[in-house]
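The numbers here are math on the coordinates, done by the rules we state, and not lab data. Since the structure is predicted, the reported quantities are computational estimates derived from the model, not experimental observations. Please note: Cβ atoms are built from the backbone with ideal geometry, for glycine as well, and neighbour counts cover all protein chains shown.
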Amino acid sequence: MIRLFVTVSDVAAVMAAGYTTIRVYTDISETGTFTTLDGTIALVAATVSYEYTDLDGSNATWYKTCYFGAVPGEGAKSDARRGETRAAYATVKELRAEMNLDATTDDLTLARLLDAAAMNIDRACGVYRPGFQYFIAAVTATAREYPGSGLQYQRIDSCVEISATGVAVKDSVTDTTYTTWASTDWIPYSGSHTFPNFNDLPYTGIMIEPAGDYATFTSGCYGSKAYYFRPYEDDLAPRRQGGRMTPTVQVTARWGYSDTVPPDILEANIMQVVRWYKILQGGMTDSIGSPDLGTLLYTKSLHPDVARILHDGRYMKLALGTR
């Protein structure tokens, strides 16, 4: 997902010339033809800064923009440039609306704060992955590998959709290739495998279909003894020898929590940015004087209400080994 900022220095003159929208063209090369129209941005009177989100964009995508109106038609295209990777769960426009901030001069700062706050939310929930927005599901499915449980169920990362042929398992821990299972061999679920929820998203596990062709997910334990990594173990302490966990289960899915950002996560993102923005305005002090609210104290990394949203919403994720 890529965010593109477009600045219109004299929007009044541009609209007076008959232009009503900004067209956004994409290509895979800086010297490409830029004939693929990805989308448009509506011009708004007195608005200088515009934010465009490309859901399918990547760091390899190049952009050109131009003005368009029924009359005079399409204007000249801009120079090619790349956008910025977006991590935030709220847009600058949504943030400014809640802050009653009309000026657009700080939009780039606000965008960076939104990204940073979203990253901190993901870290607090134990779901941070560089370049990946956990609370917005990926548009396309990708494969992830897991050490097999050796049981009738397999925990996976949160996802909103698993491809019909998206579950593949090695027949043996020493195999180098995966065998694709039929969609009738497995069932996605969320919650506990003992009392699973088959109706709500996101899915957090898959289990064996009783009428399918398989009995268990091939164990990823390789060696004479099972060895499980203990991240806080002293590196100098004695360890079990001869065993390790290897990937034996591959799942292709649209990873992420939801197709749209949960409202409380969006608000948490905005709340944290407002806190940081005020701290920056106050010269990075822990207390800011307000004629309306008195002295405001800021002493925690995440705002207490943000932490409460994440805790009470049960957004914290169980740790899983992924590759």
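Annotation: amide H of Thr85 within the under-5 Å range of Arg3, sequence separation 5 or more or interchain, hydrogens built in the peptide plane. Take every Cα pair under 8 Å whose residues are at least 6 apart in sequence, average their separation, divide by the length of region 1-85, and the relative contact order is 41 percent.
Annotation: for a label point projected 7 angstrom from Cα along Cα→Cβ of Val48, residues of region 73-105 with backbone N closer than 19 Å are 92-97, 100-105. Other residues within the sphere of radius under 14 Å centred on the Cβ of Lys64, judged by their own Cβ, net out at -2 (K and R +1, D and E -1).
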